[in-house]
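The values are calculated or read from the model by the stated rules, or taken from the named source; none is laboratory data. It should be emphasised that the depicted structure is a prediction, and the values quoted were computed from it without experimental measurement. Reconstructed Cβ throughout: ideal geometry from the backbone, glycine too, with neighbour counts over all protein chains shown. For the accessible areas, the whole protein counts, side chains as well, though only heavy atoms, and no ligand, DNA or RNA atoms are used. Shrake-Rupley method; radii C 1.70, N 1.55, O 1.52, S 1.80 Å.
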Number of protein chains: 2
Amino acid sequence: MANNKPAIGITIGDPSGIGSEVIVKALATGEVHEICRPVLIGSSHAIEQAVKLVKAPFSVHQVDSPAGEAGTDPNRIDIIDPGTRKPDEFKLGQASAANGKAMAEWNKMAQELVASGQVVGTVMAPVNTDSFKMAGVSMGGGAGGEQGYLFLINGPLRIVHLTDHQPVREALKLATKENLLKLFDLLQSSIAKWGIPNARVGLSGLNPHAMGDEDDNELKPAVAEANKRGLNVTGPIPPDTVFRQCVEGIYDLVVCIFHDQGHVAAKTWRFEGTAALSLGRPFVGTSVAHGTAFDIVGKGIADHKAILSAMKLSAALGSGQGFPRN
Amino acid sequence: MANNKPAIGITIGDPSGIGSEVIVKALATGEVHEICRPVLIGSSHAIEQAVKLVKAPFSVHQVDSPAGEAGTDPNRIDIIDPGTRKPDEFKLGQASAANGKAMAEWNKMAQELVASGQVVGTVMAPVNTDSFKMAGVSMGGGAGGEQGYLFLINGPLRIVHLTDHQPVREALKLATKENLLKLFDLLQSSIAKWGIPNARVGLSGLNPHAMGDEDDNELKPAVAEANKRGLNVTGPIPPDTVFRQCVEGIYDLVVCIFHDQGHVAAKTWRFEGTAALSLGRPFVGTSVAHGTAFDIVGKGIADHKAILSAMKLSAALGSGQGFPRN
């Protein structure tokens, strides 16, 4: 029967990747149904195959929407399957244009569900860049663009990135007071919406020991102005200190300048369990920091901790409960 | 009575800092005397004070050199004290010109001991930059200069830095094929000398995912050439992957481009226990990645794991036994 838990929409990612496997494993922990109603979007065949692979005690059931009883039964996987992918059309471990097209459709459906309030947040299992390219689908964005800012979350370590895949040379030019304030403003409105008032933010320095021209001329003035605007930001803090301080609970989150300040910290500290979120998009949408792992697909050895974190994160933030404590 | 363990020379660092305290705590574990003969260089008064502070069961004994029985008795701390610092001349928690001058003399003595083969390696407890400045003592170097390349070691995570305190903007210019090969050549001769033939080296990329102009035009050709010269180097590897792979034993060490690739990895992964080594100096000399911690000096709460690691590392590498497994 229906319950009043929030629904989340989970796209299965590339049907030829490990997405279906890790989703099924994550649901099999029982931890997801405890806090929300998970509703999948994608190929029911791919999910049935994964259920068999991991020998999970699930029936797979097609639904039309996340309404009513969808996602309430912990022994059942409910999935919205627009039929984009026929069972014989995909091969495990192989990118294809058809996969790319299907993923684009599933992602669009998930966006519509969250935009119309039918789910509180989305979760995206790993997509494959090659499949998207073959389908001619644009991956969009980058830092601060329409894709928002990359936000990695691994337990207490929460890291928003000012820049993403730009080369270091380009990222240096983007580290301006103006760009930082744009991010800080977004952060302030987002974290309030997510139920986290007065978050303690640590800004990572740009140069070693946070001592350099950019730290003095761009980062420091941005921090001063952000504090005037009511955000609780400290910094710039030496990059080799601030992430550890966040792990130890001194900050609620870190804003860093470069992709590999935050990514090195999160993935070296604890490789498994890193969920990704986009800051600056209008709705809560999480994903994982790993890929489709074509090399191990179908072997049953893919680790589900990252997508489990991503599901919990989507449910918690989407329903305004703040960051999960794990 | 004398034993045939290798002697190491340990300078006590700034006598007003936590150096003496962490040295005494490290020696009190008993683990250092098991593998080598530790001989201190510095103010015997500072060490006596630290022995009282941490209530360690040591007598403090002045010696002239690391010869004979020096460092053999685990119940005694043997120290070479040139008398540079009189007991009433230093105050805990305060930098001074006299401290700076004394540290310079102690470091010089340690260098002479290792150069003449009286000790196999040195260990430097934290020095204070202000004391050095007040004394007009130059701290020297930077990456690849006379101070060599900074090498951070924390258990299985071993990281050589191509650049050190240079701003990112400057470090970008130093990431050339030529500079990398200079480092690789040094590494090859050093690791053989340290008893580690065929070390598996992972080179961290410069840009996100190791995809960018510098990765293609400088790092890749350097790796190809280094392999021709007989070093086992793989890379460039995505920065957010290579350090984790080193933790997991896939590489014996990582060479990274920027200060805060390596420092963020080491200090976020496991803050305590990071020892520092200089690659490219003629003798083994280790230190720690933390400072004099004037804010907690004299309280008995300073952690000794880093200097304990540094002592074990100096003894192991100095006597050609390779990296300690801890």
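Looking across B:His263, B:His259, one residue alone is facing chain A (nearest Cβ under 9 Å), under 24 Å from B:Ala171 (Cα atoms) and in contact with a His (Cβ under 7 Å, 6 or more places away or on another chain). It is B:His259.
Only one entry in A:Thr274, A:Thr286 is within 14 Å of chain B (Cβ to nearest Cβ), modelled with pLDDT under 95 and open to solvent by less than 10 Å² (accessible area, probe 1.4 Å), namely A:Thr274. Taken together, the residues in segment A:257-303 that are in contact with a strand residue (DSSP E or B) (Cβ under 7 Å, 6 or more places away or on another chain) and at positive phi amount to 2. Looking at this structure, is A:Thr268 within 14 Å of another protein chain (Cβ to nearest Cβ), open to solvent by less than 10 Å² (accessible area, probe 1.4 Å), hydroxyl-bearing (Ser, Thr, Tyr) and assigned to a helix (DSSP H, G or I)? It is true that A:Thr268 is within 14 Å of another protein chain (Cβ to nearest Cβ), open to solvent by less than 10 Å² (accessible area, probe 1.4 Å), hydroxyl-bearing (Ser, Thr, Tyr) and assigned to a helix (DSSP H, G or I). Of all the listed residues (A:Gly291, A:Gly280, A:Gly300), the sole one being over 17 Å from A:Pro156 (Cβ atoms), open to solvent by 10 Å² or more (accessible area, probe 1.4 Å), within 14 Å of chain B (Cβ to nearest Cβ) and touching a residue at least 40 places away in the same chain (Cβ under 8 Å) is A:Gly291. For segment B:145-162, residues that are part of a strand (DSSP E or B), within 21 Å of A:Asn207 (Cα to Cα) and away from every other protein chain (no Cβ under 14 Å) total 3.
The set of residues in segment B:283-317 that are closer than 21 Å to B:Ile35 by Cβ and assigned to a loop (DSSP other than H, G, I, E, B) comprises B:Phe283, B:Asp303, B:His304. Only one of the listed residues (A:Leu172, A:Leu203, A:Leu183) is out of contact with any Lys or Arg (no Cβ under 8 Å at 6 or more places or on another chain), in a helix (DSSP H, G or I) and under 28 Å from A:Thr268 (Cα atoms). That residue is A:Leu183. Scanning segment A:87-97 for residues that are open to solvent by 40 Å² or more (accessible area, probe 1.4 Å) and touching a residue at least 12 places away in the same chain (Cβ under 8 Å) turns up A:Pro87, A:Lys91, A:Leu92, A:Gln94, A:Ala97.
Report, by residue number, each residue of segment B:163-201 that is open to solvent by less than 10 Å² (accessible area, probe 1.4 Å) and more than 13 Å from chain A (Cβ to nearest Cβ). Selection gives B:Leu180, B:Leu183, B:Phe184, B:Leu187, B:Ser190, B:Ile191, B:Ala199, B:Val201.
Of the residues making up segment B:75-101, those that are under 23 Å from the mean Cα position of the chain (by Cα) and within 19 Å of B:Glu34 (Cβ to Cβ) number 2. Scan segment B:67-85 and tell me whether some residue there is more than 24 Å from B:Lys305 (Cβ to Cβ), in the same structural domain as B:Ser131 (by TED's automatic domain parsing) and in contact with a Ser or Thr (Cβ under 6 Å, 6 or more places away or on another chain). Within segment B:67-85 (the criterion being more than 24 Å from B:Lys305 (Cβ to Cβ), in the same structural domain as B:Ser131 (by TED's automatic domain parsing) and in contact with a Ser or Thr (Cβ under 6 Å, 6 or more places away or on another chain)), the answer is yes, since at least one residue qualifies.
Within segment B:238-256, restricting attention to residues that are open to solvent by less than 10 Å² (accessible area, probe 1.4 Å) and facing another protein chain (nearest Cβ under 7 Å), the residue that is farthest from A:Pro167 (Cα to Cα) is B:Phe243. Selection of segment B:91-107 for residues being within 26 Å of B:Ile8 (Cβ to Cβ) and of a type in the set (S, T, N, Q) yields B:Asn99, B:Asn107.
Within the bounds of segment B:290-299, is there any residue that is β-branched (Val, Ile, Thr) and assigned by TED's automatic domain parsing to the domain that holds B:Ala210? Scanning segment B:290-299, I find no residue that is β-branched (Val, Ile, Thr) and assigned by TED's automatic domain parsing to the domain that holds B:Ala210, so the answer is no. Within the set B:Asn217, B:Asn227, the sole residue that is open to solvent by 40 Å² or more (accessible area, probe 1.4 Å) and either away from chain A (no Cβ under 14 Å) or in a loop (DSSP other than H, G, I, E, B) (or both) turns out to be B:Asn227. When B:Ala210 is tested against (1) in contact (Cβ under 8 Å) with a residue 40 or more places away in the chain; (2) surrounded by 23 or more Cβ atoms within 10 Å (Cβ to Cβ), exactly one condition is not met: (1).
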